[in-house]
Each structure stands twice: as C-alpha cells, then as structure tokens.
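The values are calculated or read from the model by the stated rules, or taken from the named source; none is laboratory data. Just so it is clear, the model here is predicted, and its values are computed rather than measured. Cβ placement follows ideal geometry from the backbone for every residue including glycine, while neighbour counts extend to all protein chains displayed. Only protein heavy atoms, including side chains, enter the accessible area calculation; ligands, DNA and RNA are left aside. Shrake-Rupley method; radii C 1.70, N 1.55, O 1.52, S 1.80 Å.
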Amino acid sequence: DDAQVPRQAAELPQRLEGTGERAPETVPRSSAEEGAEIDPAAFRFGLGRRASGEEIAAVDIDVMPDGHGAPEGGGTFAEGEELYATHCVACHGADLQGVEGTGGVALIGGRGTLDTDAPVKTVESYWPHASTLFDYTQRAMPFNAPGSLTPDEVYAISAYILGRAGILDKGTEMDAATFAEIEMPNADGFYRATRPDTGPGEAPDAD
Amino acid sequence: DDAQVPRQAAELPQRLEGTGERAPETVPRSSAEEGAEIDPAAFRFGLGRRASGEEIAAVDIDVMPDGHGAPEGGGTFAEGEELYATHCVACHGADLQGVEGTGGVALIGGRGTLDTDAPVKTVESYWPHASTLFDYTQRAMPFNAPGSLTPDEVYAISAYILGRAGILDKGTEMDAATFAEIEMPNADGFYRATRPDTGPGEAPDAD
Amino acid sequence: ASLGGAMIAAAAGRAQEAPPGAALEPVPEDPTRVQGQPVLSENGYGSRSQFESEVRWRYPTATAHTSWSMTPLASGHGIVTPSGLHFERHHAGIPTIDPRAHSLILHGMVEEPLRFTMDDLMRLPAVSRMHFIECSGNTLTEWEEPTLRTVQGTHGLTSTSEWTGVKLSTLLEMAGLRDGAAWILAEGADAAVMTRSVPVGKVMDDAILAYAQNGEALRPEQGYPLRLLLPGFEGNMQIKWLRRLEVSDTPYMTREETSKYTDLMPDGRARQFTFVMDAKSVITFPSGAMRLPRPGYYEITGLAWSGRGKVAKVEVSADGGETWEEAALEGPVLDKCHTRFRLPWVWNGEEAVLQSRVTDETGYVQPTLEELVAVRGTDSVYHLNAIQSWRVAGDGEVTNVHA
Amino acid sequence: ASLGGAMIAAAAGRAQEAPPGAALEPVPEDPTRVQGQPVLSENGYGSRSQFESEVRWRYPTATAHTSWSMTPLASGHGIVTPSGLHFERHHAGIPTIDPRAHSLILHGMVEEPLRFTMDDLMRLPAVSRMHFIECSGNTLTEWEEPTLRTVQGTHGLTSTSEWTGVKLSTLLEMAGLRDGAAWILAEGADAAVMTRSVPVGKVMDDAILAYAQNGEALRPEQGYPLRLLLPGFEGNMQIKWLRRLEVSDTPYMTREETSKYTDLMPDGRARQFTFVMDAKSVITFPSGAMRLPRPGYYEITGLAWSGRGKVAKVEVSADGGETWEEAALEGPVLDKCHTRFRLPWVWNGEEAVLQSRVTDETGYVQPTLEELVAVRGTDSVYHLNAIQSWRVAGDGEVTNVHA
Ligand code: HEC
Ligand code: HEC
Ligand SMILES: [Ca+2]
Ligand SMILES: [Ca+2]
Ligand SMILES: [Ca+2]
Ligand SMILES: [Ca+2]
Ligand SMILES: [Ca+2]
Ligand SMILES: [Ca+2]
Ligand SMILES: [Co+2]
Ligand SMILES: [Co+2]
C-alpha cells in the first residue's frame, strides 16, 4: 500500500495548473489546538503545544551530578565486568587503556599527571563527577550501538569502570543514590574562568 | 601521450607529504614580463600585459552604427536570398515572420504599430541602426551554428533582410560603407530617459 | 556512505530518488541509535538535505537555450540566495569554459591595451560586496493582468550574492583612459557573444569584475570564470563569461540595447539606456498559490531592494493599500542589496489583500501599478517595479491580483 | 545535458571525473560557436564548475564518525563560507532526519513545558544573522610547534553563514522561566545525543534556533532540521539536530563540558565553561604550503573575528611582528562575524614573516603565542587564538612557523 510507505526524500514541488509553475512549499500548520488566544506582544502565537509527561520522559535521559534524573535500577562490578567484556572491550581494551585505531580512549589511569608536561586525562584522573560516566555511557556508548544498554547494564558497567579506577569499592552496587556519594579524585580540579587572559581588558581568573 | 590530453575537469588538490592535508591552490603567476616596475599606488602591479594587435583583432568583432568595425567584403540581396534559405529559414520562415516553436522571431513587418495596443517590434519596425543587424547576425546567428558565417555571407543576408523590409534597394550591394547611408524607419524612435517616473525624486524624461 | 543520484527502494518497493542537489541516505527510525554518515561522506563538498526540493523554475520559452529560470523566493530565508538557486537568463546556453584558456582583453580608447589571464586578475586588489542582481524583465508578465501564480513566477528574476573580484576602475587606471572615453562595450564568451554598452561613469563608480560568488568561484550559470557586476543596473548588462572590454566615445547600439531592453512608451517612441533598477519590494510569505491552513498568527515577510542605494523603509498593508504599517528591516541593510522585512500579522479568517511598499534612501516610493501604467502604458516590457498584491481569501487561498 | 557523476573520456582515452559538487560537461574548443548547456540543465539546483575542486579536509582521527573536517580557507573569498565547505565536527556521524518526524521539547524549570514541530517553529517570528562558528579546538595542533602545513589545517574549523531561525528567547517567553532558572541543557538527536549546558543569560541575549543557512534549509552536517546558534560561543555548544531543551538551576556537567572542552592549566587544574571565542585572525593568502612564483605585487588577505563583538582593527606585519601596518577592513563589519582584511604588499624576494593581529571592539588585542602560553601552558588543547606566522622563504615557499 503506497500510502503507508514513508517517503525518504522530498518529491519535486507539484506543477501548478495553467502556468506550470512549481507550487510553493505547503504553509506549515501548527500542532497547536485551534482557537487558542493569540497575542504576539505577549508571546502568545497559538503555535506549538504543551508537552505531555510521556513526551518529556521519552527524551529526558540526562543524569546530573547529584543523581537527579538517574533511572531506577542498579548493577555491580561483577555484572559490569562481564558486560564490559561484551560491549566495550573491543575499543577500550581489557586493561581499559584504549585500543589504537578504534577511537576508544583510555578510561582509567593518569592520576598525578595533570600538572606534568604529559597529562593523561581519563575518567579516573580527570572527570569531576561520576554522573557524567553514567550519563555519557547511556547516551553514546557502545559507539557501535549507542542507546542499546538498559539502565541496569549502565549501572553495572559504571561500577566496573569506577572499580577498576580504584574509585568505587568493588562490592558496592551502583544505583541512583550512589552518585551523591562517590568522590572523584579530581572533583576539585575545575574552576570557572574569566577570560580574556591577555591584552587590554585582561581579567583575572575567578575561582 | 597523457601530457597532451587537456584535462576537462580539475583534479582533487594533491595530498601534502607528512600531514596528508590538501594542497592549497597554486598561487597564480602573472602573464606579465618579469622585472616590471611596481607601484601599486600608481596602479602599476606588474600583472597582466600589453594586448597585441592580433589578440585584439581576434575578438574585436563589433560593428558600430557608423560602420566602425565593419569587416571588408560585401554581399547582395540575391546572394542573401539563397543564404537565408540555407541558414535562416528554418527558424525565421520564408516570409520572415518567424517560426513558432523555434524561438525564431519575425524579422520584418510591424511598421506603424508601435503606438498601438499591439506593437510589433522587428528589425524593420523598431531597430534604429542597420549595423545592429550585421553585428548581431555575425555574433549570434544562425542560432544552431553561431559565428559560422563569413563577412560576405553576413553582408548578403543583411542586404536580403533589409531588402525584404523595404529599407534597402534590392540592387544595392551591402558593405562597410553602407551602414552610414541606410535610413532605418524607426531611427528617431529612441530617446534617453531619466527615471524614476513616479514618486518623490521624479524627473522628467530628457529627450 | 553517499548514494548521490542513486535510489533507495522503500519498504513497499516504491523507488525513491533524491531531489536535485541532494544525496540520498537511508533514514533510520531512531537517529540516536545508529551512527550517522561519516565526516566527509560526500568527498569534501556537501549537499542539501534529501527532504528539501525547492528548485528554479524555467519560464516556458520555445527553446531552453534562450530562456530564464527563476529563484524560488517563497522558500528563501534572509538575504543570501543559495548559489544553486540563483536565477538564470541565458541567450545561448551556459558555456563550459576552462579558466586556463580564458582571457580578458581591454582595448579601444585607452593609452595601452591590456590582456589579463584569470591568474592575473586573481592577483589584483580585490573587493567583496553583497548585491542583488535583477533582470529588468522581472515581473514582465504582470503589466496587463495577474498572470503567473507564484512569487517565483512574478518576481523570481532577482537574487543576492556576495561577489568578489577586481574593481573595473583598477583595470581602467592601469590602461589609462583617453580623452573622450565615455562608454565601454562588455562582451561575453558565450555563443550569443552577448554585448552591452556601459557608461564610463558607472564603471568608475562601482563596477566589479567578479570571479567569486558566495565565497567560492562563480557558478557556471553566473558567468564562470568572470562576469561584470554593475550594482543596481539591470541584470542583462552584467555580462557573464566576460572576454572583452572596449572603450569608446559612443554607445555600440547592440541588439540588447535597441531591439531588447528598451522601453516602448505609449506614444510609440522608446526609452533607451534605462539602466537603473528602481526600488521594488514583494511579500514572499504569504504569497501566491499558498493556502493558509487556518486563521492565526503569521509573520509577513519579503524582500525589498533599490538600484539607487539602500532601503530606507518598507510598509505593509493588509487591506489593499488603505492602511499601512511599517515593517521591521533585518540588518545589515546594504547598498543595492536585498533587504528582508518582517511584520507580525494575525489573520482573522476574513479576506485580506497584502501589499508591501518600499521607500529607498533617495526618498523614492515604490509606485502602484496604476501610477506606473499611467506613465508607461502596458507595452514597455521591462522595469515593472509596482506594488504587488496578494489576495488572501476566506478559505486561506492566496492569489495574485491587481488591486 | 548534465553528465553529473559521469565521466568523460578524453581524447587519448583517459577518463575524467567531475570534482565533488560539480557536474561534468564537455568543454568546447570555442564556446562562442556552440550553444552552451540549456537553462535548468541541472534540474533546477545548480552546482559548481568542474574546474573547481577545493574540498574540506578530514583530520585523520581513528574513525570518520567522530572526526572533523576543515574549511579550505585559502581558497575562500569574502566572508560567506559556501555551505558545502562549512567545517564539520561530528561525534557520531551526521544523522539523516525527516523533519516531519522531528520535534523540540522545552521543559524543566518553566511554567509550561512545550513541544514544537518544525512546522510550528517555521511559523514563529524569525531573525536572520550572519555569524561565524568556530570550534574551540581550532588550531589545537599548534601549541608546541608548527604542525599542520596549510591554513586549512591550522585554522579551518571556522566558517561564516547567514543563519535564520527563531530567537530562543521567544520560546522561553512562551514557556515562562521559573525563578532560579540559570542553565539550559541543549540536546541533539544524533547518535552521540550531544549535550551542553548553556547559561540563560546568553540564551536571552542572542541565541537562535536556526533552521536555515545561507538562504535555504540547514545542511545535514550543520544540524538539519534544527540547530542551536550561540553567536561567539565555541562551536561544540551550538547543538545540532536539536531535539530537547531543559531548564535548570545548575549546569549538567556533561561529558562535553568536563572531559572535553575544559582547558587544563599548567597547575593541573582546569578551567571550565570557557565559552567565548576570543578575537582571532589569520592570513589566508599567502599561507602555508603555497609558493610565490616570483617577487612582485601580492595582496595579503585574511579573516578576523571575535566572539565578543565586532572587529575594530587588523594590523599586518611582514617582518615577524617588528613593524605593523593597518589593513583595510571589507564591509560590512558585523557582530561576531568573519571580517575580511586586505593589505597590498610588494614582495622583494627576501625572506619575510607574515602575521596578522586583530583588535576587537572591546579593545582586546590578539596575543602572541608566547603571551598565551605564558598563561595557559601548552596542554589546554582548546582556545588557541594566538597570532599565526607564515614564513616566506627566498624561493617563495610559504611555511608555518612559530616566530
Ligand atoms: C566500537 C568502538 C567502541 C565501543 C565498542 C565502545 N566505545 Fe567508548 N568510545 C569510543 C570512541 C570512538 C569514543 C570517543 C567518542 C567521541 O569522540 O566523542 C569513546 C569514548 C568513550 C568514553 C569517553 C572517554 C573520554 O575520555 O571522554 C567513555 C567513558 C566510553 N567510551 C565508555 C565506553 C563504554 C562503557 C563502552 C561499552 C558499554 C564503550 N565505551 C564501548 C569507541 C567505543
Ligand atoms: C535554429 C533556429 C534559428 C536559426 C537557424 C536562425 N535563428 Fe535567428 N533567432 C533564433 C532565436 C531563438 C532568436 C532569439 C535569440 C535570443 O533570445 O536572444 C533569434 C533572433 C534573431 C534576431 C534578433 C531578432 C530580434 O528582434 O531581436 C535576428 C536579427 C536573427 N535571429 C537573424 C537570423 C539570421 C540572419 C539567421 C540566419 C543566418 C538566423 N537568425 C537563423 C533562432 C534561429
Ligand atoms: Ca533532566
Ligand atoms: Ca605537553
Ligand atoms: Ca570595436
Ligand atoms: Ca498592449
Ligand atoms: Ca525548503
Ligand atoms: Ca577554486
Ligand atoms: Co534580462
Ligand atoms: Co569542537
């Protein structure tokens, strides 16, 4: 049934009767309900509509430093070890030092190097918040199948990486409550900067 | 021999050694002689060079109202009649009224229509200078083989068209000297206009 | 990665093709779950989305070699015209020219005739300017009655680009004008060997020999490798594929400045050398052949321009010219350049007639068609710059009307 | 007419292919003697000349899905970047998104969470602005020693377009910010589900939800159908394929604002939220890996820009910074936009070191690399905006140097 085949490309604009001109694009119809009160000066345009709770939940995947937004569920180092071997090891390596040629970088190591000439920035040495590891893994990893892991799996893999990094006790089950507790080694390593650094208008860093 | 095959398309910029970057375009070299005196403030850039007489002659094909630029040679109505039948009739028709569907327009007729509701603009009724007919035919006609006619042929065809238009005597041979003599019916039909026509800033036509 | 030009077989077997200027890629159900196309997927020169399909429209002349195609102004945004949608007017097709084989000869009433390769020209001092180009035949179908149905048809022979090249005055300074020099013949290397005579004053003022458009080489349709740019003058004079400039004391009276591009007046005489494009504006949204889906908020927007300088003001009427409201001008407002205007509008579902009226910095006000016809009659073909009217019917249909 | 993508067999049998973005046409020996390509020969959306082949260059990362490609600045003209040559940075490739299936959710600390289709957004009041976007990783190879050879490699992660869309402040006014709202998370619909936290102050000031670029829909690489535009802020924040905006009182500390896009200082601590792109300039001609064919006149040209406003002045040195001359700025000089500068130069055949130095309207002067490294060390990766040096050797070779 043709009507059910979603087009994957726009067709050329229709020819108009009489002149053969190309039809202009269809005037967009708003998703708003009809009859809304309109007052442009008060930013009431009758365009767009209220987002439902389900619509928001479907995309509100972020996890914040204090654990806000973290999903239900949990996982352990032991579970994570197996999941890592299945989903991550190909690019980040058995020793979590990355695998050349895959783009997968080192996830642990590098402590004490940040003030040297050859700093090594990893989850272990550099990242200020554990939530970022969960959030990023959930949204973007594994690179070849992003968004494919369940919350439980992401908790377990995070527990495994933080365990290998010596940040989280290997016995601790990771869950939404854990984020507020974990102390990342470089938690105090960041500050807000006021630039520019040089030239007229120079402003000192604000700590 | 590859070197003798002119490329019809640019190749991708070369890869640079070491980095693999794309090479920038070659810095243009001027056609000027070396060692020219350079003074940008006096518009001496050492770029470009004097055009030779032959180089100019190869492109200086225009013919002006007084015949300036007209080539040597000549042609008659009788010669033109035959040439027209070979090169022009397909699009402009045996009666010089144009041929629908070819884009070839009427070349004669239309006298006395310019101030009516249905003006007919042709070489005969509208064109102020005979030189334009020669010049345009030489540069742009026949449409399917522009630039293919010899000066003699263009003179002859011009004589034929002007003859059919009742502007030139059918016995007159057309040549460089003829342009200054021919009186086009609408020679006085043009004037320089000063616009705009309406609104503030309006200026009357200047005759 | 890129299947440019290829087709994708949709689920039910219906083949789909990418629109002109697009490459066809598979559309994943959830783009967050599968890697997209790799960086440099189109070998380093990207193309538009396969979901965009506005195109130039060719006016149906007898042959496609002397014809014109029009910019789809209704789908435009801002002031830059995408180079692939710049209007075209060719009298003998688009020549394909190897820039290494192209040169420019400057001769006639000059102290020293000069010859420039493209390489020479690229080395000279350059300028970049944003300017509109409008064919003086733009809107020619609309003198007697509303004829074409869309703003692309009525006004699509105008486009704006950022042009880069050498000031023609630089070349004339190099060659040295002789006493009495007053006109310059510009000649193209297309099969029409297109020619126009240009007054020296204009040339010394702001003419540019352009080799670039919107940050890259000129497009072939715009005269690659070199075109003349005469800001604010009718498009036909801005000779493309430029090969020759000859200086003289009188105009050349070429076919394009006698048979064509002259304005026949009601008395049977014709104006010649009506170079400047008078100020003009048009509402591009809403515009002809659209249909407003229902009453509500719509932003009226369009373009205004003047061959005499900057746009000073645009007014919009929704009642066929009885009352006018000033529209906001989007910056930058540039000399001889399209200027976008915008005005919020709440359509109450009743019939309306939308018009825009530009005033340029000389104080000139865009005329009504009635005012223009009173002077010009309806047979002058060129330079129709009157106010355009779009009627919005009760059912939302927008049509081209004379009002 | 168009043989797009096809090949022409040259006289001696060597097949020739059109460069990316071009269609291949036969090249007549004399273009004045044969009709060219007909009007609308490419079905209504034109392409560049087959004699033009500059392309984006991909930095050789391990995978092409998280990689970047750079604008060939050396062949640019004016300030507009051709959309097909706009730099790219993707962390999970370029998603192919059907705009009818796309929506934007605005939620968090707002009075009323809202959902917009692309149709809704296109109907809201629009703005158009010309702005540069620069990746803060631009020039990151150059901290310790001259590494890449061309200006495309050293500076090609910046481009300028005319962007059109809705002011994000309009949406926030519609939704109503709650007390304490200070940050907005912007999230993309690509496979990296890219996220950055943006201060509300910036958003209310000049953030745009852009759906158009250079007069047509956004290009897929630039976020089709919707991207966030934060004029003057680092490119990574200007989230492409935008699907969600969440308002909060604190930043989200996403991977792209902790692991990446933070500036590690010599003391081992790192600056976070270094959003603004400081003023920067670079000479694009002559530039690295070029060779000046012989002594003579050359116009030095390049681009300058500032994330803090307009360019006020550009100075150029030909002796490695000992003496400076003020360059001419090509108008219009726009807020947070590339500005082209030009300076005539006669090369006498002796070694020279070319540099440019911008001052922006805040009075900030582009630093030397030495000055910058004195503060930042060489391991901060991002925000290298120091003066670039090109050495012209006696034989005309131009190389990237630290001088
Ligand atoms: C197919 C290769 C591949 C696989 C499998 C993979 N990754 Fe990655 N990973 C990458 C690449 C490539 C990047 C860099 C992405 C970018 O440039 O934005 C990355 C980045 C990361 C980062 C951010 C590192 C930093 O310093 O910013 C983390 C954390 C990470 N991966 C964790 C994981 C986890 C956990 C898994 C398994 C669930 C996984 N990856 C599986 C390739 C992979
Ligand atoms: C294959 C078709 C064709 C042939 C053959 C042809 N023409 Fe034409 N002619 C045209 C077309 C098409 C135009 C309009 C060109 C344009 O739009 O610029 C034209 C225009 C003209 C004009 C200008 C008319 C005006 O009012 O401006 C003249 C004069 C002319 N042709 C003379 C000739 C002569 C003389 C010949 C033969 C030597 C010739 N043509 C052969 C198609 C043809
Ligand atoms: Ca959230
Ligand atoms: Ca170091
Ligand atoms: Ca001559
Ligand atoms: Ca009439
Ligand atoms: Ca579109
Ligand atoms: Ca080029
Ligand atoms: Co025209
Ligand atoms: Co970046």
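Going through C:178, C:149 one at a time, which residue ends up being open to solvent by 10 Å² or more (accessible area, probe 1.4 Å), touching a Leu at 6+ places or on another chain (Cβ under 7 Å), more than 16 Å from ligand 10 (Cβ to nearest atom) and over 20 Å from residue C:279 (Cα atoms)?
Working: C:178 fails: touching a Leu at 6+ places or on another chain (Cβ under 7 Å).
It is C:149.
Could you pull out the residue among D:21, D:44, D:36 that is within 9 Å of chain C (Cβ to nearest Cβ), within 21 Å of residue C:188 (Cβ to Cβ) and at pLDDT 95 or above? First the steps, then the outcome.
Working: D:21 fails: within 21 Å of residue C:188 (Cβ to Cβ); D:44 fails: within 21 Å of residue C:188 (Cβ to Cβ).
Just a single option satisfies the conditions, and that option is D:36.
If you go through region D:202-245, how many residues are of a type in the set (Asp, Glu) and within 16 Å of ligand 7 (Cβ to nearest atom)? Explain how you work it out, then say what you get.
The initial filter retains those residues of region D:202-245 that are of a type in the set (Asp, Glu), namely D:205-206, D:216, D:221, D:234.
If we keep only those that are within 16 Å of ligand 7 (Cβ to nearest atom) as well, we get D:216.
Residues meeting the conditions: 1.
Looking at D:381, D:346, D:333, D:375, which is the one that is hydrophobic (A, V, I, L, M, F, W, C) and in a strand (DSSP E or B)? Break it down stepwise before answering.
On the way: D:381 fails: in a strand (DSSP E or B); D:333 fails: in a strand (DSSP E or B); D:375 fails: in a strand (DSSP E or B).
Within the list D:381, D:346, D:333, D:375, the selection yields D:346.
So how many residues does region D:199-213 have that are open to solvent by less than 10 Å² (accessible area, probe 1.4 Å) and in contact (Cβ under 8 Å) with a residue 40 or more places away in the chain?
Restricting attention to region D:199-213, the residues satisfying the condition of being open to solvent by less than 10 Å² (accessible area, probe 1.4 Å) are D:203, D:207-210, D:212-213.
Narrowing the set further to residues that are in contact (Cβ under 8 Å) with a residue 40 or more places away in the chain leaves D:207-210, D:212-213.
Total satisfying the criteria: 6.
Would you point out the residue of region D:61-86, among those that are among the small types (Gly, Ala, Ser) and open to solvent by 10 Å² or more (accessible area, probe 1.4 Å), that is farthest from ligand 2 (Cβ to nearest atom)?
Across region D:61-86, the extreme among qualifying residues is D:62.
Would you confirm whether or not region A:119-141 contains a residue that is away from ligand 4 (no atom under 16 Å from the Cβ), assigned to a loop (DSSP other than H, G, I, E, B) and among the basic types (Lys, Arg)?
No, because not a single residue in region A:119-141 is away from ligand 4 (no atom under 16 Å from the Cβ), assigned to a loop (DSSP other than H, G, I, E, B) and among the basic types (Lys, Arg).
Residues to consider are A:182, A:157; find the one that is under 22 Å from residue A:62 (Cα atoms) and in contact (Cβ under 8 Å) with a residue 60 or more places away in the chain.
Details: A:182 fails: in contact (Cβ under 8 Å) with a residue 60 or more places away in the chain.
Within the list A:182, A:157, the selection yields A:157.
Quick one: residue D:8 ticks every box in (1) open to solvent by 30 Å² or more (accessible area, probe 1.4 Å); (2) at pLDDT below 95; (3) at negative phi; (4) out of contact with any Asp or Glu (no Cβ under 8 Å at 6 or more places or on another chain) except a single one, so which number is it?
Every listed condition holds for residue D:8 apart from (1).
Go through region A:50-68 and count every residue that is without any contact (Cβ under 8 Å) to a residue 60 or more places away in the chain and surrounded by fewer than 19 Cβ atoms within 10 Å (Cβ to Cβ).
Pass one, region A:50-68, residues without any contact (Cβ under 8 Å) to a residue 60 or more places away in the chain: A:50-60, A:68.
Next, from what is left, pick out any that are surrounded by fewer than 19 Cβ atoms within 10 Å (Cβ to Cβ): A:50, A:52-58, A:60, A:68.
Looking only at that region, the number is 10.
Quick one: count up the residues across region D:207-231 that are out of contact with any strand residue (DSSP E or B) (no Cβ under 6 Å at 6 or more places or on another chain), within 16 Å of ligand 10 (Cβ to nearest atom) and more than 17 Å from residue D:122 (Cβ to Cβ).
Within region D:207-231, residues that are out of contact with any strand residue (DSSP E or B) (no Cβ under 6 Å at 6 or more places or on another chain), within 16 Å of ligand 10 (Cβ to nearest atom) and more than 17 Å from residue D:122 (Cβ to Cβ) number 1.
Go through D:165, D:188, D:156 for me and flag whichever is at pLDDT 95 or above and either open to solvent by 20 Å² or more (accessible area, probe 1.4 Å) or farther than 23 Å from residue D:243 by Cβ (or both). Steps first, answer last, please.
Values: D:165 fails: either open to solvent by 20 Å² or more (accessible area, probe 1.4 Å) or farther than 23 Å from residue D:243 by Cβ (or both); D:188 fails: either open to solvent by 20 Å² or more (accessible area, probe 1.4 Å) or farther than 23 Å from residue D:243 by Cβ (or both).
D:156 is the lone residue from the list that is at pLDDT 95 or above and either open to solvent by 20 Å² or more (accessible area, probe 1.4 Å) or farther than 23 Å from residue D:243 by Cβ (or both).
Wholly within region A:1-106, which helices (runs of 4 or more DSSP H) include no fewer than the required count, namely at least 2 residues that are farther than 27 Å from residue D:194 by Cα and more than 14 Å from chain D (Cβ to nearest Cβ)? Spell out how you get there, then give the answer.
Working: elements: A:53-59, A:77-87, A:89-92.
The helices (runs of 4 or more DSSP H) meeting that bar are A:77-87.
From B:128, B:200, grab the single residue that is at pLDDT below 95 and facing another protein chain (nearest Cβ under 7 Å).
Working: B:128 fails: at pLDDT below 95.
Only one candidate qualifies: B:200.
From (1) touching a residue at least 24 places away in the same chain (Cβ under 8 Å); (2) within 11 Å of chain C (Cβ to nearest Cβ), pick out the condition that doesn't hold for residue B:146.
It is condition (1) that residue B:146 fails.
When region B:123-150 is examined, which residues are found to be over 29 Å from residue D:29 (Cα atoms) and more than 16 Å from ligand 6 (Cβ to nearest atom)?
If we filter region B:123-150 for residues that are over 29 Å from residue D:29 (Cα atoms), which is where we start, we get B:123-130.
If the condition is that a residue be over 29 Å from residue D:29 (Cα atoms) and more than 16 Å from ligand 6 (Cβ to nearest atom), then B:123, B:124, B:127, B:128, B:129, B:130 are the ones that fit.
Which condition number does residue C:196 fail, the rest of (1) of a type in the set (D, E, K, R); (2) part of a strand (DSSP E or B); (3) open to solvent by 10 Å² or more (accessible area, probe 1.4 Å) being met?
(3)
With C:129, C:48, C:58, C:89 as the choices, which residue is surrounded by 24 or more Cβ atoms within 10 Å (Cβ to Cβ) and charged (D, E, K, R)?
Numbers: C:129 fails: surrounded by 24 or more Cβ atoms within 10 Å (Cβ to Cβ); C:58 fails: surrounded by 24 or more Cβ atoms within 10 Å (Cβ to Cβ); C:89 fails: surrounded by 24 or more Cβ atoms within 10 Å (Cβ to Cβ).
None of the others qualify; the one that does is C:48.
Restricting attention to strands (runs of 3 or more DSSP E) lying wholly within region C:228-302, give those where 2 or more residues are within 9 Å of chain B (Cβ to nearest Cβ), touching a residue at least 60 places away in the same chain (Cβ under 8 Å) and open to solvent by 10 Å² or more (accessible area, probe 1.4 Å).
Values: elements: C:242-248, C:270-272, C:280-285.
Those strands (runs of 3 or more DSSP E) span C:242-248.
I need a count of the residues in region C:320-368 that are within 23 Å of the chain's Cα centre (by Cα), open to solvent by 30 Å² or more (accessible area, probe 1.4 Å) and hydrophobic (A, V, I, L, M, F, W, C).
Here the count works out to 4.
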